[in-house]
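The values are calculated or read from the model by the stated rules, or taken from the named source; none is laboratory data. Everything numeric here is computed off the predicted structure, so don't read it as measured data. Every residue, glycine among them, receives a Cβ derived from its backbone with ideal geometry; neighbour counts consider all protein chains shown. Just so you know, the surface numbers come from the protein's heavy atoms only, side chains and all, with ligands and any DNA or RNA stripped out. Shrake-Rupley method; radii C 1.70, N 1.55, O 1.52, S 1.80 Å.
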Amino acid sequence: MGLTKEDVLRMAEEMNVRFIRLQFTDIFGILKNVAIPVEQLSKALEGEIQFDGSSIEGFLRIEESDMNLVPDPNTFVLFPWKPKEGAVARLICDVYNCDGTPFIGCPRGRLKKVIAEAAEMGLFMNAGPEAEFFLFHTDADGLPTLQTHDNAGYFDLTPVDLGESARRDMVLTLQEMGFEIEASHHEVAPGQHEIDFKYNDALTTADSLATFRFVIRTVAQRHGLHASFMPKPIFGINGSGMHTHQSLFKGEKNIFHDPNSPYELSEEAINYIAGLLEHAPAFTAITNPTINSYKRLVPGYEAPVYIAWSQRNRSPLVRIPARRGTGTRIELRSPDPSCNPYLALTVMLKAGLDGMKRKLNPPEPEDRNIYAMTAEERLERKIFSLPGSLEEAMKNLENDAVILDAIGDHIWERFKEAKKIECDSYRMQVHAWEVENYLSKF
Ligand code: GLU
Ligand code: MG
């Protein structure tokens, strides 16, 4: 868009803005914000608003806690659900150290770094995510339950789809905030929905995803519902994925398309796919960062389990949608919407670029149903599985220098520490399944 600081000041005045929310995400992708009155806006635009980094998870220790927020003028947008009088707008910020250098633990900064690496190769990434979510009822205290509001299924229409008015409101709100919505529909599971917005450059897409989750939850709440991006809230039905379509452009040209190559996929596209497959065991810790994420990556629920690619069927990790020309793209089906969108795009792009730099080649595309193969057949075809748990994924990540380089030491150290605590605390619990299976048996 190319907005300047002056544009932001003028728009804030024209729109009667009273408060600005300065937003950024912590390393887990949780949106944080500091509200300032509009009188502070020009100071904020100069990057002079400080906050205490030690109170943000994964940022800094107490002794070195002052940090600065540097807003990106392009992200200025009004919150449509707030009153027009005394309006509220937001700006997404990069996090800087107080000496004016970029903070190495800022997820948005990490994404910018790998985007710059692509730019050195004359390339930029376009990404289009499909974030799925559930709508649940809340109880008398307003707390979320696991009760869905309908029994509808894929693409079902009203009157079965009772969440439709909430979803319509979500789409309208997102559109008012500048999102170009391509489709919205009921997903396979009861109470499950998907709203797709148009692909964009990787940074804009990451910003949009952070905003998207926040808007969906806000609008759901106004309808008395709770929206959840938890990857697998209910056993026995589909979980929620965040399939990510990706392509690389040189100027106007999509370099993944080559009409003269097999499958009309360029050598670069093939190398990019190989990079994704090679680094998937490690980057899954970032694209699927919760214990619950691994309850989704199991056979039978349209989520990928095997590290393979395909032109046609939906079971492998990487699928190539039929579209060619400018629309040629690679769909990675493993990510889930509990990820930090900045870090998830960082590791996907890094993996693909690494495949291109090393000219990696993937195995032949797998168009048979991998779930129907025996373990021997899979082994013969060198089809391995995605990590089965967060612990396994973390071990793989620890051994993948390319992906670690993309997220940087600072984030890795904090992430590792936090995930260890998460895994340990889960491991010590006694789960309902254990009680059900062992209590009367032993
Ligand atoms: N919900 C499925 C998943 O967990 C995907 C369904 C679809 O193909 O859209 O990835
Ligand atoms: Mg879907």
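Counting other Cβ atoms within 10 Å, which trypsin sites (Lys or Arg not before Pro) in segment 45-107 have at most 13 and lie in a DSSP loop?
On the way: sites: 61, 84, 90; in loops: 61, 84.
Those satisfying the criteria are 61, 84.
Residue by residue, segment 320-330 carries 3J(HN,Hα) couplings of 10, x, 5, 4, 10, x, 4, x, 4, 7, 10 Hz when phi is fed to the Karplus relation 6.51 cos²θ - 1.76 cosθ + 1.60 (θ = phi - 60°); x denotes Gly or Pro. Think of a 1.4 Å ball rolled over the protein heavy atoms: the chain then has 45 Å² of accessible area per residue. Around the Cα centre of the chain, unit charges on the Cβ atoms of Lys, Arg, Asp and Glu (plus for the first two, minus for the last two) sum to a dipole of about 440 debye.
Phi-derived couplings, Karplus 6.51 cos²θ - 1.76 cosθ + 1.60 at θ = phi - 60°, listed residue by residue for segment 196-213: 9, 10, 5, 4, 7, 5, 4, 5, 4, 5, 5, 4, 4, 5, 4, 5, 3, 4 Hz, with x used for Gly and Pro.
How big is the chain by the Kirkwood estimate over distinct Cα pairs, in Å? Show your work: numbers first, answer last.
Values: mean 1/r = 0.0436 Å⁻¹.
In the chain this quantity evaluates to 22.9 Å.
Determine the shape class of segment 92-153: with a ≥ b ≥ c the square roots of the Cα gyration tensor eigenvalues, call it rounded for a/c under 1.5, and otherwise prolate if a/b is greater than b/c, oblate otherwise.
Details: a/c = 6.67, a/b = 1.93, b/c = 3.46.
Note, shape of segment 92-153 comes out oblate.
At the residue level, residue 257 shows approximately 40 square angstrom of accessible surface with a 1.4 angstrom probe and all protein chains present. Given the rule -39500 (n - 2.57) for each run of at least 4 DSSP H residues, summed and divided by the residues of the chain, what is its mean residue ellipticity at 222 nm, to the nearest 500 deg cm²/dmol? Calculated from helices alone, the mean residue ellipticity at 222 nm is -11000 deg cm²/dmol.
Straight Cα distances below 21 angstrom link residue 359 to the lysines 250, 253, 350, 382, with same-chain residues fewer than 8 positions distant left out.
Which loop chymotrypsin sites (Phe, Trp or Tyr not before Pro) in segment 51-113, with loop taken from DSSP, have no more than 16 other Cβ atoms within 10 angstrom of their Cβ? All intermediate terms of the calculation are to be shown ahead of the outcome.
Numbers: sites: 51, 59, 76, 81, 96, 103; in loops: 59, 76, 81, 103.
Answer by residue number: 81.
Charging the Cβ of each Asp and Glu at -1 and of each Lys and Arg at +1, and nothing else, the dipole of segment 177-286 about its Cα centre rounds to 620 debye.
For segment 1-90, the Cβ-based charge dipole about the Cα centre amounts to some 420 debye (Lys, Arg positive; Asp, Glu negative; other atoms uncharged).
Which GluC sites (Glu not before Pro) in segment 25-105 sit in a loop by DSSP (not H, G, I, E or B) and have at most 13 other Cβ atoms within 10 Å of their own Cβ?
Those that pass, being in a loop and sparsely packed, are 46, 48, 57, 85.
A dipole drawn for the chain from +1 and -1 charges on Cβ atoms has a positive end, and of 372, 439, 293 the residue lying farthest that way is 372.
Mind jotting down the distance between the C-alpha centroids of segment 387-440 and segment 190-249, whole Å? Between the Cα centre of segment 190-249 and that of segment 387-440, the gap is 23 Å.
Given a cut-off of 19 Å, name the pairs among 395/416; 43/82; 395/419 whose C-alpha atoms lie farther apart than that in the structure shown.
Over 19 Å Cα-Cα: 43/82.
Counting protein heavy atoms only, the chain has 53 percent of its accessible area on carbon and sulfur, 1.4 angstrom probe. What residue among 81, 178, 310 has its Cα farthest toward the positive end of the dipole of the chain, where the charges are +1 on Lys, Arg and -1 on Asp, Glu, each on the Cβ? Positive-most Cα among the choices belongs to 310. For residue 232, a cut-off of 13 angstrom between C-alpha atoms picks up these aspartates and glutamates, skipping any fewer than 8 places away in its own chain: 132, 302, 336. Per-residue Karplus couplings for segment 397-403, computed as 6.51 cos²θ - 1.76 cosθ + 1.60 with θ equal to phi - 60°, are listed in order as 4, 4, 9, 10, 5, 5, 6 Hz, Gly and Pro entered as x. Ordering 70, 36, 50 by the projection of their Cα atoms onto the charge dipole of segment 28-83, which places +1 on the Cβ of Lys and Arg and -1 on the Cβ of Asp and Glu, puts 36 at the extreme positive end.
For segment 35-132, the share of alpha carbon pairs falling in successive 5 Å distance bins from zero is 2, 11, 16, 18, 18, 15, 13, 5, 1, 0 percent. Counting only aspartates and glutamates at least 8 places from residue 113 when in the same chain, those with an alpha carbon closer than 19 Å to its own are 26, 72, 94, 201, 207, 354, 400, 405, 409, 413.
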